[in-house]
Structures are given as C-alpha cells and as structure tokens.
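What follows draws every value from the coordinates through simple rules; no lab data is involved. Owing to the predicted nature of the structure, the values given are computational and were not obtained by experimental measurement. Using ideal geometry, Cβ is built from the backbone for each residue, glycine included, and neighbour counts are taken over all protein chains shown.
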C-alpha cells in the first residue's frame with residue numbers, strides 16, 4: 001500500500017502514515033463486531049460476504065488510483081481490510097467444525113482453498129501498482 005500511495009499520489013511520509021493507519025483500522029473497527037456476527041451467523045454466507053466486501057474494496061482502490069483520489073483510496077483500503085478481517089474470523093470458525101466431519105484429505109483440500117483466497121489480496125497488489133506506473137510512463141513518453 002505505501003508503494004501504491006507513493007507512485008500513484010506522490011504521497012508524503014505523513015500521508016503514507018495516515019493511509020497505513022486506515023489500513024490497520026480495519027482490524028480495530030471490525031474484529032469485535034465481526035466476531036459477534038461470526039459466532040451467530042451462517043459461516044458460508046459470511047465467507048461469501050467477506051469476499052464481496054474485499055472485491056468491492058479492491059475495485060474502489062483501482063478506481064481511486066485511476067482518478068487520483070487519495071480520500072477514496074483511504075476508504076477503499078479500509079473496506080478491503082474489513083473484508084479480510086471478516087474472512088479470517090469466518091475461516092477460523094469453520095476449521096474446528098470441519099475437523100469433526102472431514103477426512104484428512106478433505107481438510108487438505110479445504111486448507112488449499114482457504115490459503116488461495118487469503119492470497120488474493122497480495123496477488124492484487126501488482127495490478128494496483130502497475131496502473132500508476134503505466135500512467136506515469138505514458139506521461140513521461142509524451
């Protein structure tokens with residue numbers, strides 16, 4: 001995230017610190033309420049909801065970079081982070097239940113899917129960095 005902020009917005013150290021605080025705030029804001037929701041909710045629906053929240057957040061990140069809107073970028077990374085927090089809490093609640101009903105091979109398959117979903121946010125970073133870098137390269141070539 002700091003690399004994106006520096007490349008896309010020419011962010012100062014103060015702005016990068018503020019954006020990192022936005023990113024971390026998702027854990028502070030979401031952990032307790034999402035923990036209650038996960039304890040009482042349907043876990044499959046919550047897992048799908050968490051992926052949708054993250055997808056919307058990442059989509060808004062890309063839009064904010066393209067439009068050069070720093071405030072939207074901060075809100076977007078917070079929203080994407082909330083999706084990640086909800087997914088982590090949901091997946092941690094699913095695993096103990098699965099251990100009771102799944103074979104070892106089934107658990108290995110589930111773990112592979114879980115890790116793949118968690119890695120989605122880190123796979124998005126190159127695309128997010130590419131947009132401002134390509135825009136900057138195009139501006140320099142003109």
Most packed first (mean Cβ within 10 Å per residue), the peptides 67-78, 39-50 order as 67-78, 39-50
Expected unfolding gain across residue 27-residue 97 under the 0.36 nm per residue rule, minus the alpha-carbon gap, is 22.8 nm
FRET efficiency (residue 55, residue 14; Cβ distance; R0 30 Å; to 0.05) is 0.50
